[in-house]
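What follows is a set of notes on a single structure, which appears directly below.
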Amino acid sequence: MNTTTAEQRLRTSDIQPTAMRMRVLNFMLEYKSAISLTDLEEHFSRADRTTLYRTLKTFLEHGMVNQINDASGTTKYALCSENCNCSYPDDVHVHFYCSSCEQTYCFPDLGIPK
């Protein structure tokens with residue numbers, strides 16, 4: 001995703017675009033699986049942990065990511081699709097934790113049966 005598109009997506013979610021927010025968004029789009037704060041810290045080694053946490057928190061509060069507590073014991077965050085409303089119970093879907101590669105994947109099209 002280029003800078004213009006990242007900026008547009010942040011604005012669409014009513015989030016003020018900053019350089020760090022756009023960088024985190026682009027990273028999440030490329031990563032393809034759910035990420036933890038530690039994953040972000042490792043990738044953005046020169047960034048402040050608090051800034052990264054606040055970025056994730058902002059994304060969560062504006063419905064841009066959903067929070068996942070998987071079998072790893074670490075909270076992870078998955079980027080929502082652009083048309084997601086992240087509302088419970090309407091947007092409840094399956095998450096898969098692979099114990100082999102230790103990654104968590106979102107399956108937004110696979111709803112949990114009532």
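The values are calculated or read from the model by the stated rules, or taken from the named source; none is laboratory data. Note that the structure is a prediction, hence the values are computed from the model and not measured. Backbone-built Cβ (ideal geometry, glycine too); neighbour counts: all protein chains shown.
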Legend entry - Close pairs (7 angstrom Cβ cut-off, 6 or more residues apart or separate chains): of a type in the set (Lys, Arg) in the stretch 46-57, part of a helix (DSSP H, G or I) anywhere: 49/41
Inset, instruction - Being exposed (fewer than 13 other Cβ atoms within 10 Å of the Cβ) and within 15 Å of residue 15 (Cα to Cα) is the filter here, so list the residues in the stretch 36-72 that pass it. - result: 61
Inset, instruction - Determine, yes or no, whether residue 29 is loosely packed, with under 15 Cβ neighbours inside 10 Å, aliphatic (A, V, I, L, M) and in a helix (DSSP H, G or I). - result: yes
Inset, instruction - May I ask you to list pairs of residues, at least six apart or on different chains, whose Cβ atoms are under 9 Å apart, with the first in the stretch 25-37 being closer than 15 Å to residue 75 by Cα and the second being outside any strand (DSSP E or B) and among the hydroxyl-bearing types (Ser, Thr, Tyr)? - result: 36/72; 36/74; 37/53; 37/74
Inset, instruction - Have a look at 72, 36, 45 and point out the one that is at pLDDT 85 or above and in contact with a strand residue (DSSP E or B) (Cβ under 8 Å, 6 or more places away or on another chain). - result: 36
